[in-house]
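Have a look at the structure below, then the notes.
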Amino acid sequence: MGLRSLFKKKKQQQQQHQEPEPDNDSIPIATAQAFEMASRMEDELEKVFKKFDANGDGRICAEELGAIMRSLGHPASEEELRGMIREADGDGDGFIDLREFIELNNTNVDEVHETLCHAFQIFDADNNGTISADELHNVLRSIGEDCSLDDCKRMISGVDIDGSGTIDFHEFKVMMTKGARFDHSKSE
């Protein structure tokens, strides 16, 4: 297990706060939201970092990483721990400092965001920035799912935060990271 995978769940939770690329009219708002989200994420990562940094010296060493790994039920050999440190150690000092820790955790956030964007585009057939019940129904039928248009409407209503009757990118991220309130199996 690599250090990156250790934080995968936390990063997925943080994904829900990222916004899609804004149009020109919303650039100032989107920039402010992105700054606020990045600041919140850095604060959270700093808290996690301090838990790893048991001696409070501002760096995570292999021994501190090993203690956390063992407490999470993932004991690692000294060689594995050194490999994890090397994976994140940008300045080559043999430790992970806060900046490196934040960079390590932000890398996968971008990858997950890109994957979610691609998935959203598949569902958003007319490229209008939302997924309608018809679009959802067409995609699900194309992959062999047996569901009705009414089922798709109920699925959408389970994640439709703003009540628009469609799913925008933010709602899609929430659905993909936390799940929907609608359970198709309960409707049958």
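The values are calculated or read from the model by the stated rules, or taken from the named source; none is laboratory data. The structure presented is a predicted model; accordingly, all values stated were derived computationally and were not measured. So basically every Cβ, Gly included, is an ideal-geometry build from the backbone, and we count neighbours across all protein chains shown.
The table below gives the values:
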| read-out | value |
| --- | --- |
| Among (1) in a loop (DSSP other than H, G, I, E, B); (2) touching a residue at least 24 places away in the same chain (Cβ under 8 Å), the one test that ASN128 misses | (2) |
| In the range 68-117, residue modelled with the highest pLDDT [restricted to those that are closer than 15 Å to PHE49 by Cβ and part of a loop (DSSP other than H, G, I, E, B)] | PHE95 |
| Residue in the range 154-176 that is among the β-branched types (Val, Ile, Thr), modelled with pLDDT under 75, under 30 Å from PHE52 (Cβ atoms) and not in a loop (DSSP other than H, G, I, E, B) present | no |
